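The structure appears right after this line, and notes come after that.
Only the coordinates and a few stated rules stand behind these numbers; no lab work does. Treat the numbers as computed from the prediction; the structure is a model and nothing was measured. Note that each Cβ is placed from the backbone with ideal geometry, even for glycine, and that neighbours are counted across all protein chains shown.
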Amino acid sequence: MGMFKLFRKPRSESPVPEAEGVSHATLKARPEVRRSGDAAAAPARTERPQPRAGQPEPIVMRHTVPMRARPEVLYRLALVPTRRAAWDSNMAESAWSDDTQTLRNGAHARFRLVRRLGGLRFEAEYGGLKTSRSGGWRTVRGMGPLEEFSQDWTFKAVPGQPVTEVTLTLRGQVRFDWVRAQVERMMQNMLLTTLLDMQREVDAPTAGRIDKMNEDLRQQEEARRKAEKAARKGKWNRR
């Protein structure tokens, strides 16, 4: 199956309804770090980036988690492509575009996502690199339903604790609004699983707690949606 078959446009010309529970807003959660094992998330805040004229609004998602590792260790784990596929379950392949590349601004790497994310292949260019503090990459051309896709990382040491606050930001510019909801779900899955995979790589016990927290939040959200659906149904039946 090709990527465009996975994201094919519905037959109807009417707008595609959004999946329930999917927001067009940016997810930005910064958990307060009080102890080295504390992974509780703060309430999410939203932001709306301004789209260019004639383009759908870009998708921006951001999440921050504390990890028990030094910033320089996490920096190389996240950004060196020859290491990325070894721990990130979203990446089937990751490597430099040629053997002469090193981690520097302007360097190019090639990636391939796993099948559940469409198996997309793309080339990316690195930028914003500040050793042990921040960096990321941006696709050099479109990939599947996205005109542009980028990942940005920041690493902030927590004073007095053996902990680093890791923030991952994903940005995507969809080609068409009708595919937006599917791309948002794909990016949300990638954001959370990438951070959880990194947590497992450096601190398995904390990763287990975060995994349970995410599952609890998912169950709470599912219960909320069911309650709202039942309330709407009850209101309709009373009419």
remark   = So for R0 = 45 Å, FRET eff. of Asp98-Lys235 from the Cβ-Cβ r, to 0.05, ends up at 0.10
inquiry  = Suppose we take every Cα in the range 103-166 and form the convex hull; what volume per residue is that in Å³?
reply    = 103 Å³
ask   = Measuring from label point to label point, each 7 Å out along Cα→Cβ, what is the Glu72 to Arg115 span in nm?
value = 4.1 nm
inquiry  = Per 0.36 nm of contour for each residue apart, how much would the distance between Thr82 and Thr131 grow if the chain were fully extended, relative to their Cα-Cα spacing?
reply    = 15.9 nm
ask   = In sequence order, what are the phi-derived ³J(HN,Hα) couplings for the range 120-137 according to the Karplus relation 6.51 cos²θ - 1.76 cosθ + 1.60 with θ = phi - 60°, rounded to whole Hz, with x for glycine and proline?
value = 5, 9, 7, 10, 10, 10, 7, x, x, 6, 10, 3, 6, 10, 6, x, x, 8
message = Please list, in order along the range 167-177, the HN-Hα scalar couplings obtained from phi with the Karplus expression 6.51 cos²θ - 1.76 cosθ + 1.60 (θ = phi - 60°), rounded to whole Hz, x for Gly and Pro.
response = 10, 10, 10, 10, 10, x, 10, 6, 6, 9, 5
Volume per residue that the Cα convex hull of the range 84-207 spans, once the total is divided by residue count, Å³ = 116 Å³
inquiry  = Using the crude model of +1 on Lys and Arg Cβ and -1 on Asp and Glu Cβ, and no other charge, please compute the dipole size for the range 115-173 relative to its Cα centre, in debye to 20.
reply    = 140 debye
